[in-house]
Amino acid sequence: MRQVIIIGSGPAGYTAAIYAARANFKPLVIASSVEAGGELMNTTEVENFPGFPEGIMGPELMMKMQEQAEKFGAEILMDDVVSLELAGDVKRVTTGGGQTFEALSVIFATGSANRKLGLPDEDRLSGHGVSWCATCDGFFFRQKTVAIVGGGDSAMEEANFLTRFADKVYVIHRSETLRASKIMQDRAMANPKIEFLWNSTIDSLNGAESLTGVTIKNTVTGDLSEVELQGLFIAIGNDPRTQLIHGQLDLAPEGTVAVKGRTSKTNLTGVFAAGDVVDPTYRQAVTAAASGTVAALDAEHYLQSLPAELLAQAENN
Amino acid sequence: MSAAPAVTDASFDADVLKSGKPVLVDFWAEWCGPCRAVGPILDQIRAEHGDKIEIVKLNVDENPQTAMTYQITSIPAMKVFVNGEVTKTIIGAKPKPALEHDLADYIG
């Protein structure tokens, strides 16, 4: 049995692992088989993580976090959690590989998943012009016309990135104001290849074999118009990944895991949550890392409060 | 990334299209994080089922012709070729059980 299992390997999961490992709890991090490192693995330059004045590539930052956690004794497993039993003193975590691990505490840091547009042809055209990863797929749109849907920092960053390849990049946004930070907005607006389509939502995705265009609807006038393009990148936000804990952990009205006050404590003792899965508001690498710290410290405090014989069971394994 | 043998624009015809066995081609690139993640999973499938299906990788950056021929616009993309024809396309990195399910016709 383990003292602590951390589920997730973004900034929250790995930072929790660094703290828990330094506290000598030998955490097991179940990092996911194909999404280890989390959201930042699909980004380019991270310019707002303190300590890197020249910026750092997202994947490199995550590799360094992993390395730092391992250096202090965290064990990293590239597998996916398929089920959880979180009630009771001993928690059970089962993976896609068929292993079941027991632990006295669990830190749940599964992050969030890309939100879909919810249009009928979205799944059919995914991989055929519709993409969720500009850094992966931008390359295939050299001298093409593409669009990005969304108005946050991710959308601005991806729009700028896509201008390295595409001749023209539309930003389709539902209102007249962007959520993106000022610096990211200014950069996108100054880019001659980027054109904003304000007050616009996507009404339909068009194309038989692959995407040939979209129909957009003006949210003010209700008018429909066609935009011809070969690629559409979706960056309309994320939803907390909570399906594993439905029925076990309480959720907040926003759909994130509910935690008590400024702590990481969930409704179940010994179960802590951190990162984007608890945060409907800030959702930054730094806030997720900070939240991972809080969870590791809360878990440490909890473990220290347990009866000695229970702790001994974990320490002997 | 995967340790599978690499195929190229030049070798594609002989190594893939004229193969006597089903061949899964992993279209990948250095800059693609999900491609690097799915590589080791393909290696495991190759170790377990290499007798039934060849697994090879094609770097889309270095081999644009083949990537264009098969209209790759999203990676990782995995295509299974049987007698020179595409019989299965899988797009995006998936956990091993999901890939095994998608490939059940070939490795089952």
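Data table
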item	result
Rounded if a/c under 1.5, otherwise prolate or oblate - the protein assembly as shown, Cα gyration tensor axes	oblate
A:Leu229 long-range amide H proximity, modeled H, under 5 Å	A:Gly213, A:Val214
Alpha-carbon centroid distance for the pair region A:153-175 / region B:1-62, whole angstrom	31 Å
Dipole magnitude of region A:186-317 about its Cα centre (Cβ charges: Lys, Arg +1; Asp, Glu -1), debye to nearest 20	300 debye
Gyration tensor (alpha-carbon) shape descriptor, region A:136-219, a/c threshold 1.5	oblate
For region A:45-125: rounded, prolate or oblate by the Cα gyration tensor [a/c cutoff 1.5]	oblate
Mean ellipticity per residue at 222 nm, deg cm²/dmol - from DSSP H runs of n ≥ 4 across chain B, formula -39500 (n - 2.57)	-8500 deg cm²/dmol
3J(HN,Hα) from dihedral phi, region B:81-91, Karplus parametrisation 6.51/-1.76/1.60, rounded to Hz, x for glycine, proline	10, 10, 6, x, 10, 6, 10, 7, 10, 10, 10
Dipole axis of chain B (+1 Lys, Arg; -1 Asp, Glu on Cβ), positive-most option in B:Gly108, B:Phe27, B:Thr69	B:Gly108
Region A:253-317: trypsin sites (Lys or Arg not before Pro) falling in loop per DSSP and having at most 11 other Cβ within 10 Å	A:Lys260, A:Arg262
Under the span-like rule (Cα at least 18 Å along the axis, Kyte-Doolittle mean at least 0.0), DSSP H helices of chain A	A:285-305
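Every number in this text was worked out from the coordinates using simple rules, so none of it is lab data. As the structure is a computational prediction, the values presented were derived from the model and not from experiment. Please note: Cβ atoms are built from the backbone with ideal geometry, for glycine as well, and neighbour counts cover all protein chains shown.
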